[in-house]
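The values are calculated or read from the model by the stated rules, or taken from the named source; none is laboratory data. Source: prediction; values computed, not measured. When we count neighbours, we look across all protein chains shown, and the Cβ atoms used for this are built from the backbone with ideal geometry, even at glycine. To get the accessible areas, we keep the full protein, side chains included, count just its heavy atoms, and leave off ligands, DNA and RNA. Shrake-Rupley method; radii C 1.70, N 1.55, O 1.52, S 1.80 Å.
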Amino acid sequence: MAVAVIAGALAVGCKKVKLSCMYVVTPYVQETKEGTDRLAAGVVGYAFYADTSGYYVASYDDAEAGRLTALDEGGAPKIFDLKAEQGADGRLRLGPIVRQPVLVVLCDTESRIYAWRQIPVEADLPEILVNVRFRPWKTEREYVEARWTMVNETPPGSDPEPDPDPGSDPDQPGDGGE
């Protein structure tokens, strides 16, 4: 009888937790420093069951493709576990997320900026709503905003390699004025 009472008490006190969460992102863009936010378009998102201690986003091309690079030399790249594109309401819905750790990567294909962060996911929480702001006017290549690492490989004011003028390459034949 005592065993039945203890078992019953344990059954009441033990609640099964469930990890099944939708991560919902509303992406915004602020075109100029003084500009207002508008809903971004052309944003794609990826979730990886991975940790920043083992993987990182190596480039914009990797972010857009949903690929992580291993920190261990010779380690295999990791392809996304979940992908989301913007719905009719402009939001991205990644999920359900069913385990941890989770690394989320967002890629704004219009401004060519990507963002990433390790996200916390709580058991028995059905949905997490977050806003992200892309700011293409920022001159930093990399900055942190609201715990997101934002990366713009070609920020304003950076000097991209100029295209050479045809015939100006000394190794190529041209009239050269001779």
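Here is how the numbers come out for the structure above:
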item: Charge sum, other residues only, whose C-beta stays under 9 Å from residue 24's C-beta, Lys/Arg counted +1 and Asp/Glu -1; result: +1
item: Per-residue ³J(HN,Hα) for the stretch 129-140, Karplus 6.51 cos²θ - 1.76 cosθ + 1.60, θ = phi - 60°, Hz, x for Gly and Pro; result: 10, 9, 10, 10, 10, 8, 10, x, 6, 5, 8, 6
item: Inter-part distance where the stretch 100-142 and the stretch 30-54 are each reduced to a Cα centre, Å; result: 5
item: Share of carbon and sulfur in the accessible heavy-atom surface of the stretch 65-120 [1.4 Å probe, %]; result: 48
item: Phi to ³J(HN,Hα) by Karplus 6.51 cos²θ - 1.76 cosθ + 1.60 over the stretch 100-112, Hz, x for Gly, Pro; result: 10, x, 10, 10, 10, 10, 10, 10, 8, 6, 6, 9, 6
item: For the stretch 41-144, the spread of Cα positions along each principal axis, largest first, Å; result: 36, 34, 22
item: Whole-number D in µm² s⁻¹ for the stretch 87-137, Kirkwood Cα-pair radius fed into Stokes-Einstein, 25 °C, 0.890 mPa s; result: 192
